[in-house]
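> After the structure tokens below, expect a handful of questions from me.
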Number of protein chains: 4
Amino acid sequence: MQKRNATCAVIGAGDFIGAEICKRFAAEGFTVFAGRRNGEKLAPLGEEIEAAGGTFFGRTLDARKEEDATAFLNEADSHAPLEVCIFNVGANVNFPILETTDRVFRKVWEMACWAGFIAGRESARLMLARGGGNIFFTGATASLRGGSGYAAFASAKFGLRGVAQAMARELGPMNIHVAHLIIDSGVDTAWVRQRTEQRIGKDALDANPDLLMPPASVAGAYWQLYQQPKSAWTFEMEIRPFGEKW
Amino acid sequence: MQKRNATCAVIGAGDFIGAEICKRFAAEGFTVFAGRRNGEKLAPLGEEIEAAGGTFFGRTLDARKEEDATAFLNEADSHAPLEVCIFNVGANVNFPILETTDRVFRKVWEMACWAGFIAGRESARLMLARGGGNIFFTGATASLRGGSGYAAFASAKFGLRGVAQAMARELGPMNIHVAHLIIDSGVDTAWVRQRTEQRIGKDALDANPDLLMPPASVAGAYWQLYQQPKSAWTFEMEIRPFGEKW
Amino acid sequence: MQKRNATCAVIGAGDFIGAEICKRFAAEGFTVFAGRRNGEKLAPLGEEIEAAGGTFFGRTLDARKEEDATAFLNEADSHAPLEVCIFNVGANVNFPILETTDRVFRKVWEMACWAGFIAGRESARLMLARGGGNIFFTGATASLRGGSGYAAFASAKFGLRGVAQAMARELGPMNIHVAHLIIDSGVDTAWVRQRTEQRIGKDALDANPDLLMPPASVAGAYWQLYQQPKSAWTFEMEIRPFGEKW
Amino acid sequence: MQKRNATCAVIGAGDFIGAEICKRFAAEGFTVFAGRRNGEKLAPLGEEIEAAGGTFFGRTLDARKEEDATAFLNEADSHAPLEVCIFNVGANVNFPILETTDRVFRKVWEMACWAGFIAGRESARLMLARGGGNIFFTGATASLRGGSGYAAFASAKFGLRGVAQAMARELGPMNIHVAHLIIDSGVDTAWVRQRTEQRIGKDALDANPDLLMPPASVAGAYWQLYQQPKSAWTFEMEIRPFGEKW
């Protein structure tokens, strides 16, 4: 592995997508700074990455807190220039509108939209000082479609997409690649796998190993976005497994 | 004027669009409840509506405060069944991303998205008890496009659209017409008129009186949405003046 | 009925939507010129309209033939100024891609897109000479979504939407209102009614008379578009029944 | 270079984008079959590719002629399994609607939409027999936006997108990756370069070498699409240079 003098910050480094993003960018030589609510849960991931020769720092981070997010990014940038920030905080909930409490609506927005704004703005501040960078946001089906019961989640994801678009238009000419990756399917986690087995049967799922999106494929899509030359940047890219209905 | 046993609540009853919506629905026989930050500013509007035979109640309302919004809607519904709620709070600001403060981002969201969610949910609660109703949201160009400098405003308007879509899909089958009206232009206010005169000249503007959208035309569009039969409801409708570039 | 010195041309005047458009605009005082493949089938519609005091001319028209379409519109305009042209030719088919023959693909395009271009362009020519007018196109779910099996139909409807958008942007400033009405549901015809009864049962359908979109509601939506002031024109409007899944 | 037992067919192999796609896929070991109106113009490209160790066949092809397109694809597939087909025929024209002749409208559609349908369908036929493949279509700004004067071009590009969507939804589950690449900018050709120099000055352009999209970047985007695992396919991806207004 060829080490780079560059940091990739992953905000919302959960067990699935976030962890795979960390592994991928570490394997490509980035110093990876990962933040999640309970930073101690990042220990095994850190061990795995370091065993493979990568450099990893796991941090406890509540991304909704501006000062904490800023400090996290500053630390990452002071270790090596912040070249990539990936905002991957999720907050998928479904409630009928009358049961969508103030608390839920506000919390989902703070996690999925507000924290993304903070992460994006503070990354941009650091990257502009360095002359460029990459800011990527994880989107979902609900970024484009407000389904029944998704008032809170869709509103937050729509809102995050608005932030991403505005940043892309402003920051592209300043050499910052802002992208919004729409994951238009479930991702292969224990829970989704179980639900899918119940729906189509274990045999059908085993026979079609690519029916669910492996978290590593999301990381692969982010790697594609990173590799794009500045002469042909993608702002929005959607991904789904080959068998997905859409 | 034939009076109806029905109330129309207008949240965000500003001097232009909001006032015209009030006048139109009052002229069609609705009891109109109007809320805005400084309710005392509604006095002249109330006098005008009452002089024309309409029924109007102006209230001071901070639509971001759940209890206040709920109380406002409950009062409206207790006066006569709440049949229409129009959420028309605006919050258009433009800042480079690095100058978009936490305070601005949060405040714009609270005004343009959060308050819309509260208004929508509480209207739905009252209307479901009555068997139906109409909940309309004012959108803007920024509901569909996050332009440079509009991270805060576009994020909030995208988010409001997400709320509206989710509510429309859930509540349509329960006999509530949820619609999102996208105003894809400036609206004819003193400020916009002045700016347009500077751009194209007073003569050109005088020669094309429909070049700017009169607030009454927005009210007319809402009236069209209200009149639609439930067999052919519109969720999203865009309006712009004939000469607008888009 | 107050007669107008104005003509409304309906191209694709089938038994359901087209007929209701004719009836509505005739009832509003327009001289209606209706064209369809077998013009003799328009006789009963003409009788009904004339019995109600309206003015109606039914013509045999293959809208794909430029000279015929032009002659039809010229005749309409020479009778009274052509103020409205509504293009309503449908061509809904579903075939797997490998079974979508050249003949089908081309024919569907000629009916649903090419003929719309001709109707739009020739109406514009007449209306520009008169200083203004209204050109409306009937869209469908497939105008926005290319579903499996709909390569031919969606391609044609996407293409018609492209024509409509380009015309709206060019002709709006010249005082021609171009609109695209998206019918996002089945319309209540004998065939759709039968299929829906099989799906949800006759009782459920009888209990919800607005579950299917009556052709008259489509005509009503066109009438709303016609009534809009030029200060607030809609280009695209979607309609669906209250219970429709979308 | 590691040769593959696989063919990539490029339909619309012009001097810029098409040529670069040919070079890229040849460099990756594909046998490349290229078709364009005047096949003799492909000779220098063939020499360049073969000098670099690639395998290339240039053919004269009018992609609007079904039998010719079918024969071209069959020949490609008989040489080695057809694994990729890229449809890249352009037909950008701009005319006011009244000056958009029947001939132009039909010809643009035949080149940009009809020929794409034929190429897609016949590729699918061959690929389904082999168990999978990749069918990619070149889109443009006009695939999503019907600008003034673009009735013909936008209609054709909208229509091609409809074909691509319908094919993607039907063929994805059958292991064929269908994608639509939207090039949302001018591409760096002699003509665009000259026009841009006139607009911003030669110095500004020289100082920003990535301001125009090099044709090779389009080829790179197609190569990214090809490399995606079937668990995370993109249907639609947009690309534009970092400084592009959008």
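> Students sometimes get this wrong: rank B:Asp68, C:Asp77, B:Asp15, B:Asp203 by accessible area, probe 1.4 Å, all chains present, largest first.
Descending accessible area places them as B:Asp203, B:Asp15, B:Asp68, C:Asp77.
> Arrange the residues B:Lys3, C:Lys245 by how much accessible surface each exposes, largest first, with a 1.4 angstrom probe.
C:Lys245, B:Lys3
> Using unit Cβ charges (K, R positive; D, E negative) and no other charged atoms, how large, in debye to the nearest 20, is the dipole of segment D:40-94 about its Cα centre? Write out the running numbers ahead of the final one.
Values: 4 positive and 11 negative charges, 39 e Å.
For segment D:40-94, the charge dipole is close to 180 debye.
> Considering Cα pairs under 8 angstrom that are at least six residues apart, work out the relative contact order of chain D and quote it in whole percent.
Relative CO of chain D lands at 18 percent.
> Can I ask one more? Once label points are set 7 Å from the Cα along Cα→Cβ at both A:Gln227 and C:Asn74, what is their separation, rounded to one decimal in nm?
It works out to 6.1 nm between the two label points.
> Find which of D:Ala19, D:Asn88, D:Ala115 sits farthest along the positive direction of the dipole of chain D, computed with +1 on the beta-carbon of Lys and Arg, -1 on that of Asp and Glu, about the Cα centre.
Towards the positive end, the residue furthest out is D:Ala115.
> Say the cut-off is 18 Å between C-alpha atoms; which of A:Lys65/B:Lys157; B:Lys23/C:Lys230; A:Lys245/C:Lys245 go over it?
Check vs 18 Å cut-off fails for A:Lys65/B:Lys157; B:Lys23/C:Lys230.
> Also, quick follow-up: Given R₀ = 51 Å, what would the calculated FRET efficiency be for B:Thr101 paired with D:Asn175, taking r from the Cβ atoms and rounding to 0.05?
On the way: r = 50 Å, r/R0 = 0.99.
That gives a FRET efficiency of 0.50.
> With every protein chain kept in the model, how would you rank A:Met167, A:Met1, C:Met174 by accessible area, 1.4 Å probe, largest at the top?
A:Met1, C:Met174, A:Met167
> For segment D:20-125, what is the accessible area per residue in Å² when the probe is 1.4 Å? Mind showing how you got there, number by number?
Values: 4100 Å² over 106 residues.
Spelled out: the 1.4 Å probe surface of segment D:20-125, per residue, equals 39 Å².
> A further question on this structure: Using only protein heavy atoms and a 1.4 Å probe, report how much of A:Glu48 is accessible, in Å² to the nearest 10.
A:Glu48 has an accessible surface of roughly 100 Å² with all protein chains in place.
> Let me ask something else. Which residues in segment C:92-119 have a backbone N closer than 11 Å to a point placed 7 Å from the Cα of D:Lys65 along the Cα-to-Cβ line?
Answer for segment C:92-119: none.
> Among DSSP beta bridges lying fully in segment B:32-151, give the percent that are antiparallel, nearest 5.
0
> Another question, if that's okay. Could you tell me whether segment B:17-83 comes out rounded, prolate or oblate from its Cα gyration tensor? Rule is a ≥ b ≥ c as square roots of the eigenvalues, rounded for a/c under 1.5, then prolate if a/b exceeds b/c, otherwise oblate.
oblate
> As an exercise, use a Förster radius of 25 Å and the Cβ-Cβ distance of A:Arg193 and A:Asn38 to find the FRET efficiency, rounded to the nearest 0.05. Could you put the intermediate results ahead of the total?
Numbers: r = 23 Å, r/R0 = 0.93.
Efficiency computed from Cβ-Cβ geometry: 0.60.
> Let me ask you something else. Tell me, what HN-Hα J-couplings in whole Hz come from the Karplus equation 6.51 cos²θ - 1.76 cosθ + 1.60 at θ = phi - 60° for each residue of segment C:148-157, using x for Gly and Pro?
Using θ = phi - 60°, the values come out as 4, x, 10, 4, 5, 5, 5, 4, 5, 6 Hz.
> By per-residue mean of other Cβ atoms within 10 Å, what is the highest-first order of A:186-196, D:153-163?
Averaged packing, sorted descending, gives the order D:153-163, A:186-196.
> If eta is 0.692 mPa s and T is 37 °C, what Stokes-Einstein diffusion coefficient results for chain D, Kirkwood Rh from Cα pairs, in µm²/s?
179
> If each of D:Ala204 and B:Gln2 carries a label point 7 Å out from its Cα toward its Cβ, how far apart are those two points in nm?
Those two pseudo-labels are separated by 6.2 nm.
> Set Lys and Arg Cβ to +1 and Asp and Glu Cβ to -1, take the dipole of segment D:118-243 about its Cα centre, and tell me which of D:Pro173, D:Gly201, D:Met213 lies farthest positive.
About the Cα centre, the residue reaching furthest to the positive side is D:Pro173.
> Placing unit charges on C-beta atoms (Lys and Arg positive, Asp and Glu negative, everything else neutral), compute the dipole magnitude of chain B about its Cα centre in debye, rounded to 20.
440
> Still on this structure, I have one more. Treating the beta-carbon of each Lys and Arg as +1 and of each Asp and Glu as -1, no other charges, what is the dipole magnitude of segment A:79-149 about its Cα centre, to the nearest 20 debye? All intermediate terms of the calculation are to be shown ahead of the outcome.
On the way: 7 positive and 5 negative charges, 21 e Å.
The dipole magnitude comes to about 100 debye.
> Moving on to the next point. Sequence-distant or interchain residues sharing an amide H contact under 5 Å with B:Trp233, placed H: which?
For B:Trp233, the qualifying residues are C:Arg240, C:Phe242.
> Then there's this: If every alpha-carbon in segment B:55-114 counts as one equal scatterer, what log10 I(q)/I(0) does Debye give at q = 0.19 1/Å?
Debye curve over Cα of segment B:55-114, log10 I(q)/I(0) at q = 0.19 Å⁻¹: -0.78.
> Would you report the distance distribution of C-alpha pairs in segment C:83-199 as whole percents per 10 angstrom bin, up to the bin with the largest distance?
14, 39, 30, 13, 3, 0
> To one decimal in nm, how far is A:Lys3 from the same spot in the other copies, if labels go 7 Å from Cα toward Cβ? Please give the shortest first.
So the label point of A:Lys3 gives 4.4, 8.2, 9.2 nm to the other copies.
> To one decimal place, what orientation-averaged projected area in nm² is obtained for the convex hull of the Cα set of the protein assembly as shown?
Details: hull surface 162.8 nm².
It is 40.7 nm².
> Another question, then. For the protein assembly as shown, with all protein chains present and a 1.4 Å probe, just round the carbon and sulfur fraction of the accessible area to a whole percent.
Looking at the protein assembly as shown in its full context, I get 50 percent from C and S.
The values are calculated or read from the model by the stated rules, or taken from the named source; none is laboratory data. Predicted, not measured: the structure shown is a model, and the values here were computed from it. Positions of Cβ are generated from backbone atoms using ideal geometry, with glycine treated the same way; all protein chains shown enter the neighbour counts. What goes into the accessible areas is simple: the full protein's heavy atoms, side chains included, and nothing from ligands, DNA or RNA. Shrake-Rupley method; radii C 1.70, N 1.55, O 1.52, S 1.80 Å.
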